[in-house]
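Input: a single structure, listed below in structure tokens.
The values are calculated or read from the model by the stated rules, or taken from the named source; none is laboratory data. Keep in mind that what you see is a predicted model, and the values were worked out from it rather than measured. Because the Cβ atoms are built from the backbone with ideal geometry, glycine has one as well, and the counts that use them run over all protein chains shown.
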Amino acid sequence: MILVAGSANLDFITRVPHLPRPGETVLGPAFTTAPGGKGANQAVACARSGHPTRFFGALGDDPYAAPLRESLRASGVQDTSLTLDAPTGAAFITVADSGENVIAVASGANALLTPQRGPDFTDVTHLILQLELPLGTVQAYARSARERGVTVVVNAAPAPHEPLPAALLADVNVLVVNEGELTGLVGPGDLSQQLRAAQVLGPGTVIVTLGGAGSVAVSGDQRIKVAAHPVTVRDTTGAGDTFVGVLTGGLGAGLDLAQALRAASVAASLACTRDGAQPSMPTRHELDRALAQAGRVD
């Protein structure tokens with residue numbers, strides 16, 4: 001069982017010709033809503049790719065919670081999230097015609113998920129965490145998981161405004177970052193040197209996603225590079241979360257790191273071809289079909 005502990009937000013999405021600059025207003029034709037939040041996204045991606053998945057988060061007692069719970073249920077996720085006296089989280093996403101996006105998040109109930117309100121680790125082999133929950137909560141969940149022999153996967157996103165605690169990094173087995181998050185963690189430098197420097201902080205495996213250039217991982221002395229699956233990009237929202245969910249599901253199913261990375265890379269690319277976060281995430285059938293067409297691992 002893969003456990004995802006993290007945020008759940010209702011996304012409000014607007015498409016525009018280009019991302020607005022500070023002080024600029026850019027007109028779009030309409031807006032849509034879709035279930036999102038990094039935690040819920042990663043749970044949906046994991047479950048849709050065929051892996052038993054449980055989600056633990058916090059939602060409000062309001063109408064915005066219903067589509068989030070329904071998306072989890074429809075994707076096959078076991079939803080164990082709490083209902084708290086606070087607004088359900090919301091994200092306001094602007095997507096340019098190029099596929100790039102900017103996102104502002106109102107945390108709502110997510111911010112009230114405290115260390116004392118912890119998940120059930122029964123039958124859990126892997127725990128996925130992100131940084132849309134309070135950092136102290138993330139740290140407490142990681143510690144609880146490691147004490148139970150659970151493999152801890154942390155997606156250090158969104159990029160933190162403060163250094164990640166050494167105690168948290170010491171409890172992480174697999175760290176997933178993008179290029180900016182990696183530089184924020186260890187400073188600028190050669191990519192291979194950055195990855196090794198991140199390993200020194202505690203995680204035995206460090207993975208950096210590189211957008212259209214694929215991903216690179218170091219695990220022990222091993223270095224793996226995986227190319228991105230070629231697609232026509234429409235919307236990158238949720239692609240990183242798709243990568244993390246499918247990667248962890250693959251590892252939980254017994255794939256080696258190279259195989260899990262390949263599946264994650266292909267799934268993330270497929271998610272870029274459709275609008276939204278959870279609505280864009282591929283099913284197991286779609287993923288298997290694309291994997292059969294994907295290039296080899298270098």
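Miscellaneous remarks
- Tally of residues being hydroxyl-bearing (Ser, Thr, Tyr), more than 18 Å from THR53 (Cβ to Cβ) and under 12 Å from the mean Cα position of the chain (by Cα) across region 228-261: 1
Condition check ((1) acidic (Asp, Glu); (2) crowded, with 24+ Cβ neighbours inside 10 Å; (3) touching a Leu at 6+ places or on another chain (Cβ under 7 Å)) across all residues:
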| site | (1), (2), (3) |
| --- | --- |
| ALA40 | no, yes, yes |
| ALA43 | no, yes, yes |
| LEU72 | no, yes, no |
| ALA90 | no, no, yes |
| ILE93 | no, yes, no |
| THR122 | no, no, no |
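- Subset of region 170-206 that is part of a loop (DSSP other than H, G, I, E, B) and within 18 Å of the chain's Cα centre (by Cα) - its residue that is surrounded by the fewest Cβ atoms within 10 Å (Cβ to Cβ): ASN173
- Residue count for region 192-233 under the criterion of being hydroxyl-bearing (Ser, Thr, Tyr) and within 15 Å of VAL153 (Cβ to Cβ): the result is 4.
- In the set (1) in a loop (DSSP other than H, G, I, E, B); (2) loosely packed, with under 14 Cβ neighbours inside 10 Å; (3) on the phi < 0 side of the Ramachandran plot, the condition left unmet by ALA167 is number (1).
- All of ALA140, ALA145, ALA157 fail the test of being modelled with pLDDT under 95 and of a type in the set (A, V, I, L, M), apart from ALA157.
- Lone qualifier among THR237, THR209 - being modelled with pLDDT of 85 or more and crowded, with 20+ Cβ neighbours inside 10 Å: THR209
- Scanning region 107-121 for residues that are free of Cβ contacts under 8 Å to residues at least 40 places away in the same chain and out of contact with any helix residue (DSSP H, G or I) (no Cβ under 9 Å at 6 or more places or on another chain) returns a single hit, ALA111.
Let's see how each residue does on (1) closer than 27 Å to VAL95 by Cα; (2) in contact with a helix residue (DSSP H, G or I) (Cβ under 6 Å, 6 or more places away or on another chain); (3) free of Cβ contacts under 8 Å to residues at least 24 places away in the same chain:
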| position | (1), (2), (3) |
| --- | --- |
| PRO163 | no, no, yes |
| VAL174 | no, no, no |
| ASN178 | yes, no, no |
| ARG196 | no, no, yes |
| PRO203 | no, no, no |
| ILE207 | yes, no, no |
| VAL226 | yes, yes, no |
| VAL233 | yes, no, no |
| THR236 | yes, no, no |
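- Residue ID - modelled with the lowest pLDDT, chosen from residues in region 29-59 that are under 30 Å from ALA86 (Cα atoms) and in a loop (DSSP other than H, G, I, E, B): ALA30
- Against the conditions (1) among the small types (Gly, Ala, Ser); (2) modelled with pLDDT under 85; (3) closer than 26 Å to THR32 by Cα; (4) in a helix (DSSP H, G or I), ALA267 satisfies every one except (2).
- Taking region 105-152 as the range and being of a type in the set (Gly, Ala, Ser), part of a loop (DSSP other than H, G, I, E, B), within 20 Å of the chain's Cα centre (by Cα) and more than 18 Å from ASP79 (Cα to Cα) as the test, only SER107 passes.
- Put simply, of GLY76, GLY39, GLY60 the only residue that is in contact with a helix residue (DSSP H, G or I) (Cβ under 7 Å, 6 or more places away or on another chain), closer than 23 Å to LEU135 by Cα and not hydrophobic (A, V, I, L, M, F, W, C) is GLY60.
- Of the residues GLY149, GLY214, the single one that is without any contact (Cβ under 8 Å) to a residue 24 or more places away in the chain and at positive phi is GLY149.
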